[in-house]
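Reviewing the structure listed below.
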Amino acid sequence: MIVFQQLIKRYTCGAAVVVMLFAIGANTARAADITISCGSVGQDFEMCKKMTDEWAAKTGNKVTLFTSPNSTTDILALFRQQFGAKSSEIDVLMVDVVWPGVIKQHLLNLTPYAKGIEKSHFPAIVANNTVDGKLLAMPWFSDAGLLYYRKDLLEKYHEKVPATWEEMTATARKIQDGERKAGNPEMYGYVFQGKAYEGLTCNALEWVSSYKGGSIIEADGKISVDNPQAAKALDMAASWVGKISPKGVLSFGEEEARGVFQNGNSAFMRNWPYAWSLAQKGDSKVKDKVGVAALPKGGADGQSSATLGGWQLAVSKYSKHPAEAADLVLYLTSKEVQKRRAVEGSYNPTIPELYKDSDVLKAAPFMGALYDVFIHAVARPATVTGEKYNEVSAAFWNTAYATLSGKSKGVDSVKKLGQDLAHIRHGDKW
Ligand code: GLC
């Protein structure tokens, strides 16, 4: 009997060990090492690390963060190299809202993985990310250009939030002069993104659209930029450089502009929503002194225009772990994670329901107050130009750059751009 009982025990233990070994074996076989490229602007990297670590702990997979450059133009160039080599190095990619048409052949169709959850996101973003009926990327966060201003300085100089670019220019000048006299030689009126890259395309589209000069190329494919309002808008921006904006603004991206503003050295700044939570942090010199408004109108007859930006998460077609990579994408774009990113990092959610969430609205009040700005933001002509978008945008930012740096007057700039774009279009179709 005792022998029998010992035999049973031994057998049971043996079975347990076999089951355990099998389980470990299966787990090891399933565990994947996923590499994700998720940005390096502001808190991008740090927040991505935190949330991907959580997913890794939950699923038993490993996540490695790929350090990307912070200019979207440089990231695209790098991804194109990787795609050219069909490299499986990066599994999950952060995709700019203007790229789906440009890199569509390298992205996995997420439709079978998303299982309809994309319906809880803004339909316009889902449509933007759907090419030839395939959902190529899940919306992660949305962006729109905003005007940041110093509440304390407007009060000190008895000025109000500017409604037009002309008012902004005058108020910026007044504050800059006053603060310099009061002992801050570093003070400027306005900082923005003036470097020759995609960020300048976003700023310049806002200027042009605010003067009712169209959106470079219209939805029907017509090249519209060669018009007097567009020329006027570019000339106005050129008048800031070296006056209310530092000359160095010609090499500013988002982070350089934020650096100057957050150090207390500019009255106004054009930037995306992420800059809010950083301006409000303990180490910020402008904590509690900042307001956020819609960008100014182009003259009294103009309109306030914000360029639509934002990022998606996609899986590379060359990934060796598509299922795990898609799972990570769905986790990071989920309502729970988007809410935390909105509260902790002021990243605008892509899920309309979160704009009614009291925690989100408390942490980033502008998301509620400026909801219309986000909903009516102006799209860059990416859908209509498809694969040619980057070439089109480069022609536009180079034109804007030449005008800002005084090499060309607005009227000549838009004329030449119209010709260059027609050349890129090559015939009637984009
Ligand atoms: C922001 C926007 C993106 C845009 C980029 C330009 O990251 O979300 O859409 O292309 O800025 O710098």
According to the Kirkwood expression over distinct Cα-Cα pairs, how big is the hydrodynamic radius of the chain, in Å? 23.2 Å
Among Asn184, Asn109, Asn265, which one shows the biggest mean-square fluctuation in a GNM of the chain, springs joining Cα atoms closer than 10 Å? Asn184
Shape verdict for segment 265-325, please, from the Cα gyration tensor: rounded (a/c under 1.5), prolate (a/b greater than b/c) or oblate. oblate
Given a Förster distance of 51 Å, report the FRET efficiency between Asp372 and Lys62 from their Cβ-Cβ distance, rounded to the nearest 0.05. 0.75
When the gyration tensor of segment 258-368 is built from Cα positions, what are the square roots of 5 times its three eigenvalues, in whole Å, from largest to smallest? 30, 18, 15
Summing -39500 (n - 2.57) over every DSSP H run of at least 4 in the chain, dividing by its residue total and rounding to the nearest 500, the 222 nm mean residue ellipticity is -14500 deg cm²/dmol
Residue-ordered couplings for segment 117-130, obtained by feeding phi - 60° into the Karplus form 6.51 cos²θ - 1.76 cosθ + 1.60 and rounding to whole Hz (Gly and Pro as x), are 5, 4, 5, 7, 9, 4, x, 5, 6, 4, 4, 4, 8, 9
Need one word for segment 36-127: rounded, prolate or oblate. Basis is the Cα gyration tensor (sqrt eigenvalues a ≥ b ≥ c); a/c below 1.5 gives rounded, then a/b vs b/c decides. rounded
Ignoring ligands, DNA and RNA, what accessible area per residue does the chain give at 1.4 Å, in Å²? 44 Å²
Long-range amide H partners of Val95 with built H, under 5 Å: Gln312, Leu313, Ala314
Segment 149-226: Cα Rg divided by the 2.2 N^0.38 Å rule of thumb: 1.42
Radius of gyration and Dmax for segment 318-369's Cα atoms, expressed in Å? 13.5, 44
Longest principal axis of the chain (C-alpha) makes with the long axis of helix 335-345 (C-alpha) an angle, in degrees to the nearest 10, of 50 degrees
Once you have the Cα-Cα distance between Asp152 and Lys49, take 0.36 nm times their residue separation minus that, and quote the gain in nm to one decimal. 33.5 nm
Computed over the Cα atoms of segment 290-343, what is the ratio Rg over Rh, Rh following Kirkwood? 1.25
Using all Cα-Cα distances in segment 177-327, what percent lands in each 10 angstrom bin from 0 up to the longest? 10, 32, 30, 17, 9, 2, 0
Count the net charge of all other residues whose Cβ sits under 12 Å from the Cβ of Asp301, scoring Lys and Arg as +1 and Asp and Glu as -1. +2
Angle in degrees between helix 72-84 and the longest Cα principal axis of the chain, rounded to the nearest 10: 40 degrees
Dipole in debye (nearest 20) - segment 333-430, about Cα centre, beta carbon charges: Lys, Arg +1; Asp, Glu -1: 240 debye
For segment 87-138, the Cα-Cα pair-distance distribution in 10 Å bins from 0, as whole percents, is 24, 59, 16, 1
Given the convex hull of the Cα atoms of segment 381-425, what is a quarter of its surface area in nm²? 2.9 nm²
Cα-Cα pairs above 14 Å in segment 112-156: how many percent? 60 percent
Potential extension, Ala422-Asp220 segment - 0.36 nm per residue separation minus Cα distance: 71.3 nm
How much solvent-accessible surface does Tyr188 expose, in Å² to the nearest 10, with a 1.4 Å probe and all protein chains in place? 60 Å²
Near Ser40, within a Cβ-to-Cβ distance under 13 Å, what is the net charge of the other residues, with Lys and Arg +1 and Asp and Glu -1? -4
For the chain, with all protein chains present and a 1.4 Å probe, just round the carbon and sulfur fraction of the accessible area to a whole percent. 57 percent
On a 0 to 90° scale, report how tilted helix 44-59 is relative to the longest principal axis of the chain, with both axes built from alpha carbons and the result rounded to the nearest 10. 20 degrees
What does the charge count near Leu404 come to, summing +1 for each Lys or Arg and -1 for each Asp or Glu among other residues with Cβ under 13 Å from its Cβ? +4
Listed pairs Lys195/Lys285; Lys156/Lys195; Lys160/Lys289; Lys104/Lys320 exceeding 21 Å between Cα atoms: Lys195/Lys285; Lys156/Lys195
One point scatterer per Cα, no solvent, Debye formula: log10 I(q)/I(0) for segment 64-213 at q = 0.16 Å⁻¹ comes out as -0.98
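The values are calculated or read from the model by the stated rules, or taken from the named source; none is laboratory data. Quantities reported herein were computed from a predicted structural model and do not represent experimental measurements. Cβ coordinates were reconstructed from backbone atoms using ideal geometry, including for glycine residues, and neighbour counts include every protein chain displayed. Remember, those area values only see protein heavy atoms, side chains included, never the ligands or the DNA or RNA. Shrake-Rupley method; radii C 1.70, N 1.55, O 1.52, S 1.80 Å.
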